[in-house]
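Since every read-out is calculated from the coordinates, none of them should be taken as a lab result. Since the structure is predicted, the reported quantities are computational estimates derived from the model, not experimental observations.
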Amino acid sequence: MKKGPIVAKIMGYIKCDYNVWPGILPNAGSDKLESTGFLLAPGDSREFQAPQEWSGRIWGRTGCNFDTNTGQGNCATGDCGSNQIECNGVGATPATLAEFTIFSGAKQDFYDVSLVDGYNLPMAIQAVGGSGSCDTTGCVKDLNRMCPNELRVGDGQACKSACEAFGTPEYCCNGAYDSPSTCKPSSYAAIFKNACPKSYSYAYDDATSTFTCTGADYTITFCPSLTSQKSSRDSSPLSGTGKGFSIGNGASGSGSNPPEDPFPFGGSWLPDFMTGDSSRTTISYFDSTIITFLIFSFLHFLLTF
């Protein structure tokens, strides 16, 4: 198979005020990258070269403790189970995942941020260069703060998926529920989707959660920040400094900051009463209809009196 100059970069676009140990797991048939696990302190960066048609997943491990002499240890969230910094196995859930298929088929890339295996920290993917829709996606809300008690890990380090918490077919989309027609989003998936409408919330959430681009670099940012402190319902560009991870074909090439791209995580996917968001005063459609009717009735009365 022909190898191409696809560049995988870890760059400084993070707002985490703590260390993150990214893990990288190639899918079956894809080669391992130069490293499968490493430490990034705030402000660090790193660059990888990946083979053409590479596919895999990237996640951030938190709360790690590795012995400086032996290199052995583990992490509070996203642990690899390898007892070392390098990941030689599947990462433990719950963990926020960035998933990629680079240069697949007709040279169109596919990428997404998935909460199907739960959540442990905010993450965003931004396409740099390239052609096509190339939308920014991710989850910038702190789901650990709104995680239901039955899904919460420890004192709030991570939030499980309903599948991991309960293990039943209807939550895991297996058995009799192993199809888009039978597996529907649960109330728990709805919580994730409302907070992060562009991320996968359950197994068959493809329509609103898979994104495409051709010939781009991709920056993964852990703990992305918004330039505005307003609610993430408002569209705001990415900003901040720190560390992120990008994969691509080297189109941007300079290693400079990616251009600002609106982070369209606005727009409530569910009504506020289902998500506990009572910070805004709103008038319902029903209320506005009644008010309009009363106004027109009053005007009609004046004209005919």
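General observations
- Value of relative contact order over segment 62-134, rounded to a whole percent, pairs C-alpha under 8 Å and six or more apart: 20 percent
- Compared with the alpha-carbon gap, the fully stretched path from residue 150 to residue 108 is longer by 11.2 nm at 0.36 nm per residue.
- Debye equation applied to the C-alpha atoms of segment 44-107, log10 I(q)/I(0) at 0.21, 0.23, 0.27 Å⁻¹: -0.94, -1.03, -1.16
- Extension reserve of the residue 86-residue 170 stretch, reckoned as 0.36 nm per residue once the Cα distance is removed: 26.8 nm
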